């Protein structure tokens with residue numbers, strides 16, 4: 001029964017990811033016609049609703065599984081932009097595309113997942129913002145002290161707080177793991193504060209996971 005439940009959950013999760021991917025592709029589709037800021041923000045709202053709905057449905061489907069939850073903070077001192085590229089689109093003021101990598105190195109007090117300490121987190125992100133408000137796509141790799149890794153993918157919504165800071169809310173689905181994490185499933189939620197002048201970020205994480213049999 002547990003095996004069948006795990007298969008059904010994986011199939012359901014894949015279908016939700018595919019549907020969410022379709023929404024993201026629609027949002028990021030190339031359109032030679034110049035867009036107004038209002039049209040772009042309407043699309044932001046549409047995808048935000050889709051992201052939140054997908055996260056809620058995923059949680060409902062996982063209710064029957066035995067879950068573990070960990071929460072921790074990755075401070076600005078542990079985070080570093082290791083790669084960053086950006087360009088202005090030019091169709092409306094403040095419309096910018098960015099691709100960047102953030103490396104988070106966890107210390108001696110790093111949290112453990114499935115009994116093994118986490119060592120590093122690598123985030124590869126894409127954003128489309130207007131005046132630092134908009135949507136992003138993230139691929140997250142968690143490296144553990146024994147050399148195993150966990151892969152996750154998700155979307156986030158960012159907004160400008162003031163001229164020096166912004167925040168984003170992210171929901172990621174755990175896709176796979178290696179070694180001790182074969183069969184891992186779950187969800188990662190985070191809230192990140194970005195500080196423009198210092199080029200630093202601090203992030204609060206909540207990871208809910210279980211091991212399928």
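The figures follow:
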{"quantity": "Subset of segment 133-153 [closer than 21 Å to residue 119 by Cα and assigned to a strand (DSSP E or B)]", "calculated": "138, 139, 140, 141, 142, 143, 144, 149, 150, 151, 152, 153"}
{"quantity": "Residue ID - surrounded by the most Cβ atoms within 10 Å (Cβ to Cβ), chosen from residues in segment 132-144 that are more than 23 Å from residue 180 (Cβ to Cβ) and touching a helix residue (DSSP H, G or I) at 6+ places or on another chain (Cβ under 8 Å)", "calculated": "134"}
{"quantity": "Selection within segment 95-108 - surrounded by fewer than 15 Cβ atoms within 10 Å (Cβ to Cβ) and either part of a loop (DSSP other than H, G, I, E, B) or without any contact (Cβ under 8 Å) to a residue 12 or more places away in the chain (or both)", "calculated": "107, 108"}
{"quantity": "Criterion violated by residue 121 - all others in (1) in a strand (DSSP E or B); (2) without any contact (Cβ under 8 Å) to a residue 24 or more places away in the chain; (3) closer than 16 Å to residue 71 by Cα satisfied", "calculated": "(2)"}
{"quantity": "Residue within segment 88-97 that is modelled with pLDDT of 60 or more, closer than 26 Å to residue 211 by Cβ and under 20 Å from the mean Cα position of the chain (by Cα) present", "calculated": "no"}
{"quantity": "Breaking point among (1) in contact with a helix residue (DSSP H, G or I) (Cβ under 8 Å, 6 or more places away or on another chain); (2) free of Cβ contacts under 8 Å to residues at least 60 places away in the same chain; (3) part of a strand (DSSP E or B), for residue 173", "calculated": "(2)"}
{"quantity": "Whichever residue in segment 188-213 is in a strand (DSSP E or B) and touching a helix residue (DSSP H, G or I) at 6+ places or on another chain (Cβ under 6 Å) and, among such residues, is nearest to residue 100 (Cα to Cα)", "calculated": "200"}
{"quantity": "From 156, 129, residue being touching a residue at least 12 places away in the same chain (Cβ under 8 Å), closer than 21 Å to residue 84 by Cβ, more than 11 Å from the chain's Cα centre (by Cα) and crowded, with 21+ Cβ neighbours inside 10 Å", "calculated": "129"}
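Residue-by-condition table, conditions (1) in contact with a strand residue (DSSP E or B) (Cβ under 8 Å, 6 or more places away or on another chain); (2) closer than 30 Å to residue 211 by Cβ; (3) surrounded by fewer than 18 Cβ atoms within 10 Å (Cβ to Cβ):
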{"position": "84", "(1), (2), (3)": "yes, no, yes"}
{"position": "110", "(1), (2), (3)": "yes, yes, no"}
{"position": "115", "(1), (2), (3)": "no, yes, yes"}
{"position": "125", "(1), (2), (3)": "yes, yes, no"}
{"position": "146", "(1), (2), (3)": "yes, yes, yes"}
{"position": "171", "(1), (2), (3)": "yes, yes, no"}
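The values are calculated or read from the model by the stated rules, or taken from the named source; none is laboratory data. Because the structure is predicted, anything quoted here is derived from the model rather than measured. Counting neighbours? That spans all protein chains shown, and the Cβs are built from the backbone with ideal geometry, glycine included.
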